[in-house]
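As structure tokens, the structure follows; a few thoughts come after it.
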Amino acid sequence: MASLELSDSSPELPSTPSLTIRTHNDNNNNNNQFFRSISHKEPSNNNIINNNNSSPADQIPSRLSSNSLAAPRFYVSQPSSPRLSFTSSPNPKHHHQQDHHNDNNIHTIYRCISSVLKKDGQILSIAASNGLVYTGSQTNIIRIWKLPEFTECGQLKTKTCMAVALEVSNDKVYAAYSDSKIRVWHRTWEGIIKHVRIATIPRPGNYVRNYITGKDKMMKHVGPITSMAINISDDILYSASIDTTVKVWRISDLKCIETIQAHQEPINAIVVADDGVLYTASDDATVKVWRRNFCSGDRPHSLTVTLPAKHSPVKALTLTSDGGVLYGGCTDGYVHYWLKGWFSGQLQYGGALQGHTHAVMCLANVGDYVVSGSADSTSRVWIRDQQDGQHKCLAVLQGHRGPIRCLSAFISGRITEEVDQDGCTICTGSLDGVLKVWRVRCCSNGTTTTTTTTIRGISQNNCEYFELN
């Protein structure tokens, strides 16, 4: 067999761009670093980090493209990916996945406490309320799960498939389906949990009546609904669609009272603050802020400001409980956020959270935690420091084999009997059809722990789940 080795006398080969990952040995740092392809015309991340005099908008790292092989290096507190090892555990309750943060003497303990696979196809929507979790999928069934044991306790069935959005408020469940209609159930707690379907939005009578009279503001969306939001104080339900409009429904009589021509491209997500301010995110790479004016006649919602999202379509939105920080998940893999000024009340660009390698498809916020789900099949848990406003990645939740389509987060003490204000529970739904429940907790350095990076597979109550150890 001919030898492939090159002798010293061999002629030098011409230098050509290499598509492989090259490692670089630094005299001061022995760790390997990944470099981008030389054909990739993006600025160096190091130049962005070292430029302390630039504005927050200029300090955002270059967006990750599908051809980029550069590993994220901006958040040193990000945990490493766990090693998969399906071995038996003698006592699974005491095994956790731990990530230590030496800079602030905090480490994170997180684990997957439940993983369920039903024959429902893709998980498309999740909503949690009062110890119950509702999940919508490609089928005509919305499953109801009871926490903390996460057992199925009911179903909501319709003739239409694909519940693409879910909202729960005041013992009412709102589900938007692929036929551009919203079904409403009333929930009762008389001994056992019961759900009674009470309405369909828009009502058939209203739809026909306005079609005949030529009025279109009460007609249903002409495209699939992508997101919903509820303003309890004003008794309003918002629905957004790929038809570029947002419809305003009065909950008392389920009538459409306004149609907002919000964007030029499909709307992917909407969220409403406690003060009634509406935020809409679109494929046109902008987030628009709308304020309701009760003295404006037929169109009370007016546009106040348009927030650019760095030329990347915005797929998800979430807002802190006090309305001080707005987060937007984009297709470039970043979570951009805007801060509201204490005096002016105007939103200003605060920066971006880097970590995901693919589009951010869903976001959730609870307490100081921000959870992002991505098409890279992972979810990231971030925490925001109330003093300096900096964000740190506490955990990378791995286990799904498909994009994370939806998620929900809540403080553990609000659902379970264990009061744990330093932790949260996260439900993630993926296009792989798997529904997972995670428990994440932050601990100080005074807690005695053992560091391991093993995932153990366990079966409990006929439900396979993985506990990260």
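Under 5 Å between amide hydrogens, built in the peptide plane, is the criterion, and for residue 199 it picks out 184 among residues at least 5 positions away or on other chains.
When the solvent-accessible area of the stretch 265-354 is split by element, carbon and sulfur atoms take up 52 percent of it, the probe being 1.4 Å.
Each residue of the stretch 355-372 was assigned a 3J(HN,Hα) from its phi angle through the Karplus curve 6.51 cos²θ - 1.76 cosθ + 1.60 (θ = phi - 60°); the sequence is x, 6, 9, 10, 4, 7, 9, 7, 9, 8, 9, 8, x, 8, 9, 10, 10, 10 Hz, with glycine and proline shown as x. If the label point is 7 Å along Cα→Cβ of residue 388, which residues in the stretch 330-366 have backbone nitrogen under 16 Å from it? Correct set: 351-352.
Report the FRET efficiency, 1/(1 + (r/R0)^6), for residue 119 and residue 348, where r is their Cβ-Cβ distance and R0 is 41 Å, rounded to 0.05. Could the numbers behind the result be given before it?
Working: r = 47 Å, r/R0 = 1.16.
For residue 119 and residue 348, the calculated efficiency is 0.30.
Between residue 164 and 176, 177, 178, the built amide H atoms are under 5 Å apart, and every one of these is 5 or more places off in sequence or on another chain.
Entry note: the stretch 265-390 has Rg to Rh equal to 0.97, where both radii use alpha-carbon atoms and Rh is the Kirkwood radius.
A straight chain from residue 159 to residue 235 at 0.36 nm per residue would run longer than the Cα-Cα distance by 24.6 nm. With Cα atoms as the point set, the radius of gyration and Dmax of the stretch 330-371 evaluate to 12.1, 36 Å. In terms of overall dimensions, the stretch 345-403 has a Cα radius of gyration and Dmax of 12.4, 42 angstrom. Computed over the Cα atoms of the stretch 118-178, what is the ratio Rg over Rh, Rh following Kirkwood? My calculation of the ratio gives 0.94. Compactness of the stretch 150-206, taken as the C-alpha radius of gyration over 2.2 N^0.38 Å, stands at 1.18. For residue 151 and residue 253, the FRET efficiency from 1/(1 + (r/R0)^6), where r spans their Cβ atoms and R0 equals 41 Å, is about 0.65.
The values are calculated or read from the model by the stated rules, or taken from the named source; none is laboratory data. Remember, it's a predicted structure, so these values are computed and weren't measured experimentally. Every residue, glycine as well, gets a Cβ built from its backbone with ideal geometry; the counts of neighbours run over all protein chains shown. Heads up: the accessible areas ignore ligands, DNA and RNA and are worked out on the full protein's heavy atoms, side chains in. Shrake-Rupley method; radii C 1.70, N 1.55, O 1.52, S 1.80 Å.
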